[in-house]
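J.: Handing you a structure now.
The values are calculated or read from the model by the stated rules, or taken from the named source; none is laboratory data. Please read these numbers as outputs of a predicted model, since none were measured by experiment. Don't worry about glycine lacking a Cβ; one is built from the backbone with ideal geometry, like all the others, and counts go over all protein chains shown. Remember, those area values only see protein heavy atoms, side chains included, never the ligands or the DNA or RNA. Shrake-Rupley method; radii C 1.70, N 1.55, O 1.52, S 1.80 Å.
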Amino acid sequence: MLNVEAVRKDFPFIRPGRVYLDSASTSLTPEPVLAKMLEYYRDYRANVGRGIYVASRRATDEFEAAREKLARLINAKPGEIIFVRNTSEAMNLVASGLDLRPGDKVVTTIQEHHSNYIVWLREKARKRIDLRVVGADAFGDLNITEIQDEIERGAKLVSMTHVSNVLGVRNPVEEIGKACRKNGVLLLVDGAQSVPHMRIDVKRIGCDFLAFSGHKMCGPTGAGALYIREDLQGDLEPLCIGGGSIEDVGVDYYALRSGPYRFEAGTPAIAEVIGMGAAAEYLMGIGMENIEAHEAELTREMLEALKVNRKIKVYGSLDAKRRNGIISFNLEGMDPHDVALALDRAAGIMVRSGHHCALPLMKEALKIGTGSVRASVYLYNTKPEVRAFVETLSKISESGTSGTQ
Ligand SMILES: Cc1ncc(COP(=O)(O)O)c(C=O)c1O
(Lines give C-alpha, C1' and ligand atoms only; values in the text may rest on other atoms or scores of the structure.)
Protein backbone atom coordinates (compact mmCIF):
# COMPACT_ATOMS: atom_id res chain seq x y z
CA MET A 1 0.00 0.00 0.00
CA LEU A 2 1.12 3.53 -0.71
CA ASN A 3 1.95 5.74 2.28
CA VAL A 4 0.77 9.05 0.87
CA GLU A 5 2.03 11.18 3.77
CA ALA A 6 5.55 9.78 3.32
CA VAL A 7 5.32 10.29 -0.46
CA ARG A 8 4.25 13.91 -0.04
CA LYS A 9 7.37 14.71 1.97
CA ASP A 10 9.41 13.94 -1.16
CA PHE A 11 7.75 16.70 -3.19
CA PRO A 12 8.98 20.22 -2.36
CA PHE A 13 6.24 21.86 -4.44
CA ILE A 14 3.61 20.54 -2.05
CA ARG A 15 2.89 22.98 0.75
CA PRO A 16 -0.11 24.40 2.63
CA GLY A 17 -2.46 26.38 0.42
CA ARG A 18 -1.64 24.37 -2.72
CA VAL A 19 -3.68 21.52 -4.15
CA TYR A 20 -2.12 20.26 -7.36
CA LEU A 21 -4.70 18.49 -9.56
CA ASP A 22 -3.03 18.92 -12.94
CA SER A 23 -0.66 15.96 -13.17
CA ALA A 24 -2.12 14.88 -16.52
CA SER A 25 -0.52 18.05 -17.87
CA THR A 26 2.78 17.68 -16.03
CA SER A 27 3.66 16.02 -12.75
CA LEU A 28 5.54 17.27 -9.71
CA THR A 29 9.15 16.21 -9.19
CA PRO A 30 10.41 14.50 -6.00
CA GLU A 31 13.68 15.25 -4.18
CA PRO A 32 15.48 12.01 -5.21
CA VAL A 33 15.02 13.00 -8.88
CA LEU A 34 16.17 16.57 -8.24
CA ALA A 35 19.17 15.27 -6.27
CA LYS A 36 20.14 12.88 -9.04
CA MET A 37 20.15 15.69 -11.61
CA LEU A 38 22.13 18.01 -9.34
CA GLU A 39 24.63 15.24 -8.73
CA TYR A 40 25.33 15.16 -12.46
CA TYR A 41 25.98 18.91 -12.59
CA ARG A 42 28.08 18.86 -9.44
CA ASP A 43 30.08 15.65 -9.70
CA TYR A 44 30.46 14.40 -13.25
CA ARG A 45 29.44 17.20 -15.61
CA ALA A 46 30.76 15.80 -18.90
CA ASN A 47 29.43 14.61 -22.21
CA VAL A 48 28.26 11.04 -22.80
CA GLY A 49 29.65 8.47 -25.22
CA ARG A 50 32.61 10.64 -26.16
CA GLY A 51 35.32 11.16 -23.55
CA ILE A 52 37.50 8.47 -22.02
CA TYR A 53 38.28 10.37 -18.82
CA VAL A 54 36.60 9.31 -15.57
CA ALA A 55 33.87 11.97 -15.44
CA SER A 56 32.79 11.27 -19.01
CA ARG A 57 32.71 7.54 -18.40
CA ARG A 58 30.63 8.08 -15.27
CA ALA A 59 28.21 10.32 -17.24
CA THR A 60 27.89 7.61 -19.90
CA ASP A 61 27.31 4.91 -17.29
CA GLU A 62 24.60 6.92 -15.52
CA PHE A 63 22.96 7.77 -18.85
CA GLU A 64 22.90 4.11 -19.87
CA ALA A 65 21.68 3.11 -16.41
CA ALA A 66 18.67 5.38 -17.05
CA ARG A 67 17.99 3.42 -20.24
CA GLU A 68 17.98 0.20 -18.22
CA LYS A 69 15.58 1.63 -15.62
CA LEU A 70 13.13 2.80 -18.28
CA ALA A 71 13.36 -0.56 -20.01
CA ARG A 72 12.52 -2.26 -16.71
CA LEU A 73 9.54 0.07 -16.23
CA ILE A 74 7.87 -1.19 -19.42
CA ASN A 75 9.47 -4.68 -19.66
CA ALA A 76 11.59 -3.91 -22.70
CA LYS A 77 15.28 -4.41 -23.47
CA PRO A 78 17.54 -1.38 -22.82
CA GLY A 79 18.43 -1.29 -26.53
CA GLU A 80 14.74 -0.78 -27.33
CA ILE A 81 14.57 2.55 -25.44
CA ILE A 82 15.23 5.64 -27.56
CA PHE A 83 15.60 8.94 -25.76
CA VAL A 84 13.56 11.79 -27.20
CA ARG A 85 12.35 15.13 -25.82
CA ASN A 86 8.76 14.06 -25.18
CA THR A 87 5.82 12.05 -26.52
CA SER A 88 5.25 14.56 -29.32
CA GLU A 89 8.77 14.06 -30.67
CA ALA A 90 8.36 10.28 -30.42
CA MET A 91 5.18 10.43 -32.52
CA ASN A 92 6.91 12.60 -35.12
CA LEU A 93 9.80 10.16 -35.25
CA VAL A 94 7.57 7.19 -36.02
CA ALA A 95 5.26 9.02 -38.44
CA SER A 96 8.04 10.52 -40.52
CA GLY A 97 10.51 7.65 -40.05
CA LEU A 98 8.32 4.82 -41.34
CA ASP A 99 8.56 4.24 -45.05
CA LEU A 100 4.88 5.03 -45.67
CA ARG A 101 3.73 4.99 -49.28
CA PRO A 102 0.67 6.46 -51.04
CA GLY A 103 -2.38 4.37 -50.15
CA ASP A 104 -0.86 2.78 -47.02
CA LYS A 105 -3.66 2.55 -44.49
CA VAL A 106 -2.99 4.14 -41.09
CA VAL A 107 -5.66 3.91 -38.41
CA THR A 108 -5.93 6.43 -35.61
CA THR A 109 -8.81 7.62 -33.44
CA ILE A 110 -10.84 10.69 -32.66
CA GLN A 111 -9.73 10.38 -29.02
CA GLU A 112 -6.11 11.27 -29.70
CA HIS A 113 -4.06 14.11 -28.31
CA HIS A 114 -3.02 16.45 -31.16
CA SER A 115 0.49 14.90 -30.93
CA ASN A 116 -0.88 11.62 -32.23
CA TYR A 117 -3.27 13.20 -34.69
CA ILE A 118 -1.76 15.99 -36.70
CA VAL A 119 1.37 13.95 -37.46
CA TRP A 120 -0.91 11.58 -39.44
CA LEU A 121 -2.77 14.44 -41.11
CA ARG A 122 0.63 15.69 -42.24
CA GLU A 123 1.58 12.27 -43.65
CA LYS A 124 -1.75 12.21 -45.44
CA ALA A 125 -0.91 15.53 -47.10
CA ARG A 126 2.75 14.65 -47.73
CA LYS A 127 2.58 11.00 -48.73
CA ARG A 128 -1.11 10.52 -49.50
CA ILE A 129 -1.53 7.76 -46.93
CA ASP A 130 -5.05 6.42 -46.50
CA LEU A 131 -5.83 7.78 -43.02
CA ARG A 132 -8.79 6.26 -41.20
CA VAL A 133 -10.04 8.03 -38.08
CA VAL A 134 -12.07 5.73 -35.85
CA GLY A 135 -14.93 7.55 -34.15
CA ALA A 136 -16.38 7.57 -30.66
CA ASP A 137 -19.85 7.75 -29.14
CA ALA A 138 -21.19 10.71 -27.15
CA PHE A 139 -19.29 9.44 -24.07
CA GLY A 140 -16.07 9.52 -26.06
CA ASP A 141 -15.79 5.71 -26.04
CA LEU A 142 -14.06 4.40 -29.14
CA ASN A 143 -15.63 2.05 -31.63
CA ILE A 144 -13.26 -0.86 -30.97
CA THR A 145 -14.99 -3.12 -33.51
CA GLU A 146 -14.25 -0.54 -36.19
CA ILE A 147 -10.54 -0.61 -35.27
CA GLN A 148 -10.56 -4.39 -35.48
CA ASP A 149 -12.31 -4.29 -38.85
CA GLU A 150 -9.69 -1.90 -40.19
CA ILE A 151 -6.93 -4.20 -38.90
CA GLU A 152 -8.48 -7.14 -40.74
CA ARG A 153 -8.93 -5.06 -43.88
CA GLY A 154 -5.27 -4.35 -44.64
CA ALA A 155 -4.12 -1.61 -42.28
CA LYS A 156 -0.40 -1.03 -42.12
CA LEU A 157 -0.32 0.71 -38.74
CA VAL A 158 -2.66 1.48 -35.84
CA SER A 159 -1.67 4.47 -33.74
CA MET A 160 -3.78 5.02 -30.65
CA THR A 161 -3.75 6.24 -27.10
CA HIS A 162 -3.78 3.84 -24.16
CA VAL A 163 -5.53 6.32 -21.85
CA SER A 164 -7.46 9.38 -23.01
CA ASN A 165 -5.95 12.60 -21.66
CA VAL A 166 -9.44 14.16 -21.60
CA LEU A 167 -11.60 11.34 -20.23
CA GLY A 168 -9.15 9.12 -18.37
CA VAL A 169 -10.71 6.03 -19.96
CA ARG A 170 -8.43 3.10 -20.68
CA ASN A 171 -8.57 1.59 -24.14
CA PRO A 172 -8.16 -2.18 -24.64
CA VAL A 173 -4.73 -1.97 -26.26
CA GLU A 174 -3.91 -5.62 -25.46
CA GLU A 175 -6.95 -6.70 -27.50
CA ILE A 176 -5.89 -4.42 -30.34
CA GLY A 177 -2.31 -5.69 -30.03
CA LYS A 178 -3.51 -9.27 -30.42
CA ALA A 179 -5.46 -8.41 -33.58
CA CYS A 180 -2.49 -6.45 -34.97
CA ARG A 181 -0.08 -9.34 -34.41
CA LYS A 182 -2.47 -11.81 -36.01
CA ASN A 183 -2.78 -9.63 -39.11
CA GLY A 184 0.80 -8.36 -39.40
CA VAL A 185 -0.16 -4.77 -38.56
CA LEU A 186 2.14 -2.38 -36.65
CA LEU A 187 0.89 -0.88 -33.39
CA LEU A 188 2.03 2.45 -31.94
CA VAL A 189 0.68 3.16 -28.46
CA ASP A 190 0.62 6.63 -26.95
CA GLY A 191 1.52 5.86 -23.34
CA ALA A 192 1.76 9.47 -22.12
CA GLN A 193 -1.16 8.98 -19.72
CA SER A 194 -0.66 5.30 -18.89
CA VAL A 195 3.07 4.66 -18.31
CA PRO A 196 3.24 7.05 -15.31
CA HIS A 197 0.20 5.52 -13.62
CA MET A 198 0.03 1.75 -14.10
CA ARG A 199 2.15 -1.31 -14.76
CA ILE A 200 2.96 -1.44 -18.45
CA ASP A 201 4.37 -4.43 -20.25
CA VAL A 202 5.10 -3.92 -23.94
CA LYS A 203 5.23 -7.68 -24.47
CA ARG A 204 1.79 -8.16 -22.99
CA ILE A 205 0.37 -5.29 -25.04
CA GLY A 206 2.14 -6.64 -28.11
CA CYS A 207 2.93 -3.18 -29.44
CA ASP A 208 5.78 -2.24 -31.77
CA PHE A 209 6.19 1.32 -30.51
CA LEU A 210 5.30 2.99 -27.20
CA ALA A 211 5.80 6.68 -26.49
CA PHE A 212 5.86 8.48 -23.13
CA SER A 213 7.13 11.67 -21.47
CA GLY A 214 9.42 11.96 -18.44
CA HIS A 215 7.74 15.12 -17.19
CA LYS A 216 4.43 13.30 -16.64
CA MET A 217 6.06 10.57 -14.53
CA CYS A 218 7.83 12.63 -11.84
CA GLY A 219 10.82 13.34 -14.09
CA PRO A 220 12.06 16.66 -15.44
CA THR A 221 10.84 18.38 -18.60
CA GLY A 222 12.84 17.85 -21.80
CA ALA A 223 13.22 14.05 -21.74
CA GLY A 224 10.92 11.32 -22.98
CA ALA A 225 11.24 7.84 -24.37
CA LEU A 226 10.17 5.85 -27.37
CA TYR A 227 10.18 2.07 -27.25
CA ILE A 228 10.91 0.63 -30.69
CA ARG A 229 10.89 -3.15 -31.03
CA GLU A 230 14.47 -4.20 -31.66
CA ASP A 231 13.98 -5.80 -35.08
CA LEU A 232 12.13 -2.74 -36.45
CA GLN A 233 14.78 -0.16 -35.65
CA GLY A 234 16.69 -0.57 -38.91
CA ASP A 235 13.50 0.12 -40.92
CA LEU A 236 12.99 3.54 -39.38
CA GLU A 237 14.66 6.69 -40.68
CA PRO A 238 15.83 8.91 -37.77
CA LEU A 239 14.25 12.35 -37.34
CA CYS A 240 17.67 13.89 -36.95
CA ILE A 241 21.17 12.65 -37.79
CA GLY A 242 24.61 13.89 -36.75
CA GLY A 243 27.29 13.30 -34.11
CA GLY A 244 26.62 10.26 -31.99
CA SER A 245 24.40 8.53 -34.54
CA ILE A 246 27.21 7.71 -36.95
CA GLU A 247 29.17 4.47 -37.47
CA ASP A 248 31.40 5.86 -40.22
CA VAL A 249 31.63 8.93 -42.45
CA GLY A 250 33.66 9.54 -45.59
CA VAL A 251 33.80 12.45 -48.01
CA ASP A 252 30.71 11.26 -49.85
CA TYR A 253 29.02 8.70 -47.60
CA TYR A 254 27.88 8.03 -44.09
CA ALA A 255 26.68 4.94 -42.23
CA LEU A 256 24.38 5.13 -39.23
CA ARG A 257 24.99 3.17 -36.03
CA SER A 258 22.60 0.43 -35.04
CA GLY A 259 20.56 0.35 -31.85
CA PRO A 260 19.07 3.38 -30.12
CA TYR A 261 22.11 5.58 -30.91
CA ARG A 262 20.98 5.65 -34.53
CA PHE A 263 18.14 7.95 -33.39
CA GLU A 264 20.04 10.03 -30.82
CA ALA A 265 22.11 12.56 -32.76
CA GLY A 266 23.89 15.35 -30.91
CA THR A 267 24.48 15.88 -27.21
CA PRO A 268 21.35 14.68 -25.45
CA ALA A 269 19.54 16.16 -22.45
CA ILE A 270 21.94 14.35 -20.12
CA ALA A 271 20.76 15.56 -16.71
CA GLU A 272 17.14 15.20 -17.79
CA VAL A 273 17.57 11.63 -19.03
CA ILE A 274 19.37 10.69 -15.82
CA GLY A 275 16.53 12.40 -13.91
CA MET A 276 13.93 10.47 -15.89
CA GLY A 277 15.74 7.24 -14.98
CA ALA A 278 15.66 8.28 -11.32
CA ALA A 279 11.92 8.97 -11.69
CA ALA A 280 11.34 5.48 -13.09
CA GLU A 281 13.27 4.03 -10.17
CA TYR A 282 11.27 6.15 -7.72
CA LEU A 283 7.93 4.97 -9.16
CA MET A 284 9.02 1.32 -9.27
CA GLY A 285 10.23 1.64 -5.66
CA ILE A 286 6.73 2.66 -4.60
CA GLY A 287 5.21 0.05 -6.90
CA MET A 288 3.11 0.73 -9.99
CA GLU A 289 0.27 -1.43 -8.63
CA ASN A 290 0.24 0.65 -5.43
CA ILE A 291 0.16 3.89 -7.42
CA GLU A 292 -2.68 2.58 -9.57
CA ALA A 293 -4.70 1.44 -6.55
CA HIS A 294 -4.20 4.77 -4.77
CA GLU A 295 -5.31 6.76 -7.80
CA ALA A 296 -8.29 4.45 -8.33
CA GLU A 297 -9.56 5.26 -4.81
CA LEU A 298 -9.19 9.00 -5.35
CA THR A 299 -10.86 8.79 -8.75
CA ARG A 300 -13.80 6.82 -7.37
CA GLU A 301 -14.34 9.37 -4.62
CA MET A 302 -14.06 12.33 -6.98
CA LEU A 303 -16.34 10.82 -9.61
CA GLU A 304 -19.02 9.80 -7.10
CA ALA A 305 -19.06 13.32 -5.64
CA LEU A 306 -19.15 15.15 -8.98
CA LYS A 307 -21.82 13.07 -10.63
CA VAL A 308 -24.43 13.81 -7.94
CA ASN A 309 -24.11 17.58 -8.41
CA ARG A 310 -26.82 18.45 -10.93
CA LYS A 311 -24.95 21.56 -12.07
CA ILE A 312 -21.92 19.50 -13.08
CA LYS A 313 -21.67 17.60 -16.34
CA VAL A 314 -18.96 14.93 -16.23
CA TYR A 315 -17.66 13.72 -19.61
CA GLY A 316 -16.86 10.12 -20.41
CA SER A 317 -17.82 6.90 -18.73
CA LEU A 318 -19.22 7.27 -15.21
CA ASP A 319 -17.78 3.90 -14.26
CA ALA A 320 -14.67 4.70 -12.20
CA LYS A 321 -13.29 1.20 -12.87
CA ARG A 322 -12.78 2.08 -16.53
CA ARG A 323 -10.76 5.20 -15.78
CA ASN A 324 -7.37 6.36 -14.69
CA GLY A 325 -7.27 9.49 -12.51
CA ILE A 326 -8.49 12.09 -14.99
CA ILE A 327 -11.93 13.71 -14.87
CA SER A 328 -13.20 16.33 -17.32
CA PHE A 329 -16.35 18.28 -16.56
CA ASN A 330 -18.18 21.55 -16.99
CA LEU A 331 -20.13 23.64 -14.54
CA GLU A 332 -23.50 24.80 -15.81
CA GLY A 333 -23.45 28.38 -17.06
CA MET A 334 -19.74 28.91 -16.48
CA ASP A 335 -16.79 29.09 -18.82
CA PRO A 336 -14.20 26.37 -17.97
CA HIS A 337 -11.41 28.94 -17.62
CA ASP A 338 -13.48 30.91 -15.10
CA VAL A 339 -14.02 27.73 -13.08
CA ALA A 340 -10.27 26.99 -13.07
CA LEU A 341 -9.47 30.56 -12.04
CA ALA A 342 -12.09 30.44 -9.30
CA LEU A 343 -10.69 27.16 -7.89
CA ASP A 344 -7.19 28.63 -7.79
CA ARG A 345 -8.33 31.87 -6.20
CA ALA A 346 -10.56 30.23 -3.62
CA ALA A 347 -8.31 27.43 -2.40
CA GLY A 348 -5.11 27.23 -4.44
CA ILE A 349 -6.58 24.32 -6.41
CA MET A 350 -4.76 23.89 -9.72
CA VAL A 351 -6.68 22.27 -12.58
CA ARG A 352 -6.46 22.51 -16.35
CA SER A 353 -9.11 24.19 -18.50
CA GLY A 354 -9.58 24.36 -22.26
CA HIS A 355 -9.49 21.79 -25.04
CA HIS A 356 -6.58 19.74 -23.62
CA CYS A 357 -4.96 19.42 -27.06
CA ALA A 358 -7.77 17.12 -28.18
CA LEU A 359 -9.96 19.32 -30.39
CA PRO A 360 -11.26 16.52 -32.66
CA LEU A 361 -12.64 14.65 -29.61
CA MET A 362 -14.07 17.82 -28.07
CA LYS A 363 -15.77 18.94 -31.28
CA GLU A 364 -16.90 15.67 -32.86
CA ALA A 365 -17.78 13.37 -29.96
CA LEU A 366 -18.31 15.50 -26.86
CA LYS A 367 -19.66 18.56 -28.73
CA ILE A 368 -17.91 21.01 -26.42
CA GLY A 369 -15.94 23.36 -28.62
CA THR A 370 -15.46 25.68 -25.65
CA GLY A 371 -13.57 23.00 -23.73
CA SER A 372 -13.85 21.63 -20.22
CA VAL A 373 -12.27 21.73 -16.79
CA ARG A 374 -9.96 18.79 -16.10
CA ALA A 375 -8.85 17.54 -12.70
CA SER A 376 -6.23 14.81 -12.50
CA VAL A 377 -4.66 12.97 -9.58
CA TYR A 378 -1.34 11.26 -8.97
CA LEU A 379 0.45 9.35 -6.24
CA TYR A 380 0.88 12.43 -4.02
CA ASN A 381 -2.79 13.49 -3.90
CA THR A 382 -4.97 12.75 -0.89
CA LYS A 383 -8.63 12.21 -0.07
CA PRO A 384 -8.78 15.50 1.90
CA GLU A 385 -7.53 17.26 -1.25
CA VAL A 386 -10.26 15.61 -3.31
CA ARG A 387 -12.83 16.68 -0.72
CA ALA A 388 -11.50 20.26 -0.69
CA PHE A 389 -11.80 20.30 -4.49
CA VAL A 390 -15.36 18.97 -4.47
CA GLU A 391 -16.49 21.37 -1.72
CA THR A 392 -14.91 24.42 -3.36
CA LEU A 393 -16.51 23.44 -6.65
CA SER A 394 -19.91 23.18 -4.95
CA LYS A 395 -19.51 26.66 -3.53
CA ILE A 396 -18.52 27.99 -6.93
CA SER A 397 -21.51 26.29 -8.55
CA GLU A 398 -23.84 27.81 -5.94
CA SER A 399 -22.50 31.34 -6.31
CA GLY A 400 -21.62 31.10 -9.99
CA THR A 401 -18.34 32.88 -9.12
CA SER A 402 -15.10 32.32 -7.23
CA GLY A 403 -16.66 30.87 -4.08
CA THR A 404 -14.83 33.43 -1.96
CA GLN A 405 -17.01 36.45 -2.67
C1 LIG B 1 -2.20 11.33 -24.39
C2 LIG B 1 -1.12 12.33 -24.65
N3 LIG B 1 -0.35 12.20 -25.71
C4 LIG B 1 0.65 13.04 -25.99
C5 LIG B 1 0.90 14.12 -25.17
C6 LIG B 1 2.02 15.05 -25.51
O7 LIG B 1 3.00 14.99 -24.53
P8 LIG B 1 4.22 15.98 -24.56
O9 LIG B 1 3.64 17.36 -24.41
O10 LIG B 1 5.04 15.59 -23.38
O11 LIG B 1 4.90 15.81 -25.85
C12 LIG B 1 0.12 14.33 -24.04
C13 LIG B 1 0.32 15.50 -23.18
O14 LIG B 1 -0.56 15.96 -22.51
C15 LIG B 1 -0.92 13.40 -23.77
O16 LIG B 1 -1.70 13.54 -22.71
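J.: Along the charge dipole of region 51-208, Cβ charges K/R +1 and D/E -1, which of Ile129, Ile110, Pro196 sits furthest on the positive end?
T.: Ile129
J.: Add -39500 (n - 2.57) for each DSSP H run of 4 or more in the chain, then divide by its residues: what number comes out at 222 nm, to the nearest 500 deg cm²/dmol?
T.: Calculated from helices alone, the mean residue ellipticity at 222 nm is -11500 deg cm²/dmol.
J.: Tell me, what is the percent relative contact order of the chain, built from C-alpha pairs under 8 Å that lie six or more residues apart?
T.: 22 percent
J.: Here is a follow-up. Cross-link list Lys77/Lys363; Lys36/Lys321; Lys156/Lys203: which exceed 29 angstrom alpha carbon to alpha carbon?
T.: Too far apart for the 29 Å limit: Lys77/Lys363; Lys36/Lys321.
J.: May I pose another question? Compare the Cα positions of His162, Leu379, Ile81 along the charge dipole of the chain (+1 at Cβ of Lys, Arg; -1 at Cβ of Asp, Glu; about the Cα centre) and return the one farthest towards the positive end.
T.: Among His162, Leu379, Ile81, the one farthest towards the positive end of the dipole of the chain is Leu379.
J.: Please report, in debye to the nearest 20, how large the charge dipole of region 264-362 is about its Cα centre when each Lys and Arg carries +1 at its beta carbon and each Asp and Glu carries -1 there.
T.: 540 debye
J.: What does the accessible area per residue of region 32-285 come to in Å², with a 1.4 Å probe and no ligands, DNA or RNA counted?
T.: That works out to 40 Å² per residue.
J.: Where nothing but the Cβ of Lys and Arg (+1) and of Asp and Glu (-1) is charged, how large is the charge dipole of region 32-285 around its Cα centre, in debye to the nearest 20?
T.: 220 debye
J.: Can you tell which of Glu146, Glu80, Glu62 shows the greatest fluctuation in a Gaussian network model of the chain with Cα springs below 10 Å?
T.: Looking only at Glu146, Glu80, Glu62, the largest GNM fluctuation is found for Glu146.
J.: Something else: Of the beta bridges DSSP finds with both residues in region 78-234, what % are antiparallel, to the nearest 5? Write down the numbers at each step before the final one.
T.: Numbers: 11 of 26 bridges.
Percent antiparallel among DSSP bridges in region 78-234 is about 40.
J.: Right, here's the next one. Can you compute the label reach from Asp130? Point 7 Å from Cα along the Cβ direction, backbone N cut-off under 20 Å, restricted to region 145-175.
T.: From region 145-175, the list is 145-160.
J.: Moving on to the next point. Amide H to amide H, which residues 5 or more places from Asp130 or on other chains are under 5 Å from it, using H placed in the peptide plane?
T.: Gly103, Asp104, Lys105, Val106
J.: Follow-up. Using each residue's phi in region 113-129, evaluate 6.51 cos²θ - 1.76 cosθ + 1.60 at θ = phi - 60° and report the 3J(HN,Hα) Karplus result to the nearest Hz, with x for Gly and Pro.
T.: In residue order, the calculated couplings are 5, 3, 4, 9, 10, 6, 4, 7, 4, 5, 5, 5, 5, 6, 10, 6, 5 Hz.
J.: Between Asp99 and Leu341, what length in nm is gained on full extension when 0.36 nm per residue of separation is reduced by their alpha carbon distance?
T.: Additional length available on full extension: 82.5 nm.
J.: Show which lysines lie in cross-link reach of Lys395 when reach means a straight Cα distance below 22 angstrom and same-chain residues fewer than eight apart are skipped.
T.: Candidates past the 8-residue exclusion: Lys307, Lys311, Lys313, Lys383.
J.: Percent antiparallel among DSSP beta bridges with both residues in the chain, to the nearest 5? Write out the running numbers ahead of the final one.
T.: Details: 26 of 44 bridges.
Approximately 60 percent, going by the DSSP bridge assignments.
J.: Put +1 on the Cβ of each Lys and Arg and -1 on the Cβ of each Asp and Glu in the chain; which of Pro220, Met362, Tyr254 then has its Cα farthest toward the positive end of the dipole?
T.: Met362
J.: At 7 Å along the Cα-to-beta-carbon direction for both Arg204 and Lys182, put a label point, then send me their distance in nm to one decimal.
T.: If labels sit at Arg204 and Lys182, their model points lie 2.1 nm apart.
J.: Roughly how far apart, in whole Å, are the Cα centres of region 108-161 and region 48-107?
T.: About 24 Å separates the Cα centre of region 108-161 from the one of region 48-107.
J.: Moving on to the next point. Counting Lys and Arg as +1 and Asp and Glu as -1, what is the net charge of the other residues whose Cβ lies under 11 Å from the Cβ of Cys218?
T.: -2
J.: I've got another one for you. Please report how far the C-alpha centroid of region 8-23 lies from that of region 290-325, rounded to the nearest whole angstrom.
T.: With region 8-23 and region 290-325 each reduced to a Cα centre, they are spaced 21 Å.
J.: Starting from the Cα of Arg58, step 7 Å along the direction of its Cβ; do the same at Arg153; then give the gap between the two resulting points in nm.
T.: Taking the two extended label points, one gets 6.0 nm.
J.: Of the listed peptides 93-99, 9-15, 167-173, what is their order by residue-averaged count of other C-beta atoms within 10 Å, with the highest listed first?
T.: Those peptides, ordered most packed to least, come out 167-173, 93-99, 9-15.
J.: Quick one: which residues, 5 or more positions from Thr161 or on another chain, have an amide H under 5 Å from its amide H? H modelled 1.01 Å from N in the peptide plane, none for Pro or chain starts.
T.: Hits under the 5 Å cutoff: Asp190.
J.: If I build a Gaussian network model for the chain, linking alpha-carbon pairs within less than 10 angstrom, which residue out of Asn381, Asn75, Asn324 has the largest mean-square fluctuation?
T.: Asn75
J.: What's the carbon and sulfur percent of the chain's accessible surface, probe 1.4 angstrom, rounded to a whole number? Show your work: numbers first, answer last.
T.: Working: 8490 of 16950 Å².
Looking at the chain in its full context, I get 50 percent from C and S.
J.: Next question. To the nearest 0.05, what FRET efficiency results for Asp319 and Glu230 with a Förster distance of 30 Å applied to their C-beta separation? All intermediate terms of the calculation are to be shown ahead of the outcome.
T.: Working: r = 38 Å, r/R0 = 1.25.
About 0.20, to the nearest 0.05.
J.: Just to be sure I understand: with springs between alpha-carbon atoms less than 10 Å apart, which residue in Glu364, Glu150, Glu247 has the highest mean-square fluctuation in the Gaussian network model of the chain?
T.: Judging by the Gaussian network model, the answer is Glu247.
J.: Taking the Cα centre of region 1-115 as origin and charging only Cβ (+1 Lys, Arg; -1 Asp, Glu), how large is the dipole, in debye to the nearest 20?
T.: Roughly 260 debye for region 1-115.
J.: Also, I was wondering about something else. To the nearest 0.05, how large is the calculated FRET efficiency for Arg300 and Thr221 if R₀ is 45 Å and r is the Cβ-Cβ distance?
T.: That gives a FRET efficiency of 0.90.
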